[in-house]
Amino acid sequence: MDNWDEIRTAFQVARQGTVSGAAEQLGVHHATVIRHIDALEQRLGVKLFQRHARGYTATEAGQDLLQVAQATDDQFTQLAGRIKGQGEGVSGDLVVTSLGMASRILTPILVGFQIEHPEVRVRYRTGERVFRLEYGEAHVAIRAGKMPDEPDNVVQPFMHQQMALVASEAYIARHGMPKDEADLKNHYFVTQDDDNSRAPFTRWLREVVSDDRFTYRATDDRNLQDAVIAGAGIGFVVSQALHTYPELVEVVERRDVWSAPLWIVTHVDLHRTTKVQTFLRFLKDRIKTLEC
């Protein structure tokens, strides 16, 4: 196929589901999108999309084409990420990804780094999706749990994430302080809205208290922390960041079983670039000063 623009347009129509969405993503007029789709279907001699009131849905032939387009788009993204990270100084985008729970630790470090290197633009990515280093979606990833084993990644130990079980003063005023671990079953809790969560502290808590005691659930780590602060229930926060929550009180002694190792992960193609190496040194120096 000698016209990548048409394939790229079809790819975006499939991803967005509408001509207007694809046009906005590509920065072209919607008429251009329609023209590209019509030309591609005429050249291939098949219908790539079913048109309906809500938008466009790929046909079986369209799905086959889009698998190739996806692979090609991923390769271009990977190449762009590597090129952007090579041969440059400490400037441009610095993309870091982690679980949202680590924000209280990482955000001050990222801000400090940007202050020291004002030509850097920080992009901090969190969420359920794992951002892929091999496709240039991040320069540095902070991963939790077992040591990552993806090929072509450089993995270094970062720190051991300790957790603290806490309640707000407002919650304690209403429900009192747990007398001990056995008394936890008489209290209310904030937790992840995911029964399959592999977090060790979440698994531990579900073994200690009954399901009806989880009266506030959320998918976002920031919202869980806000709910604990607001007095919705007892919950976990990263102990290394506990000093930033003056309104929270630990309700039981910390347990080793709650903790998990954190890892610094970089892709081998970007690991030794000036920007990444400078940030890694800064990150490791700052993490030593954290209060436990």
Listed residues 220, 212, 269 arranged by accessible area, highest first, probe 1.4 Å: 212, 220, 269
Just to be sure I follow the rule: in the chain, considering lysines 8 or more places apart or on different chains, how many pairs have Cα atoms under 24 Å apart? 6
The FRET efficiency for residue 116 and residue 25, from their Cβ-Cβ distance with R0 = 51 Å and rounded to 0.05, is 0.90
Taking the Cα atoms only, what angle lies between the long axis of helix 30-44 and the longest principal axis of the chain, rounded to 10 degrees? 60 degrees
Rounded to whole Hz, the Karplus (6.51, -1.76, 1.60) HN-Hα couplings of segment 116-125, x for glycine and proline: 6, 10, x, 7, 8, 10, 7, 10, 10, 10
If I stretch the segment between residue 249 and residue 152 completely, what's the gain in nm (0.36 nm per residue apart, minus their alpha carbon distance), one decimal? 30.6 nm
Asserting the computed 222 nm helical MRE of the chain (DSSP H runs at least 4 long, -39500 (n - 2.57) per run, divided by residue count, to nearest 500) equals -12500 deg cm²/dmol
How large, in Å, is the chain by the Kirkwood hydrodynamic radius built from its alpha-carbon pairs? 22.3 Å
With a point put 7 Å past each Cα toward its Cβ, work out how far residue 185 is from residue 223 in nm, to one decimal. 3.1 nm
Of every hundred units of 1.4 Å-probe accessible area on segment 4-83, the number belonging to carbon and sulfur atoms, as a percent, is 49 percent
Could you compute the net charge surrounding residue 168? Neighbours are other residues with a C-beta less than 13 Å from the C-beta of residue 168; K and R count +1, D and E count -1. -3
At 0.36 nm per residue, minus the direct Cα-Cα distance, what do residue 128 and residue 169 gain on full extension? Give it in nm, one decimal, please. 11.7 nm
Please compute the length gained on full extension between residue 257 and residue 39, using 0.36 nm multiplied by the number of residues separating them and subtracting their Cα-Cα distance. 72.5 nm
Take the alpha carbon atoms of segment 233-272, find their center, do the same for segment 13-65, and report the distance between the two centers in whole angstrom. 45 Å
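The values are calculated or read from the model by the stated rules, or taken from the named source; none is laboratory data. Quantities reported herein were computed from a predicted structural model and do not represent experimental measurements. In this analysis, Cβ positions are derived from the backbone assuming ideal geometry, glycine residues included, and neighbour counts consider all displayed protein chains. To get the accessible areas, we keep the full protein, side chains included, count just its heavy atoms, and leave off ligands, DNA and RNA. Shrake-Rupley method; radii C 1.70, N 1.55, O 1.52, S 1.80 Å.
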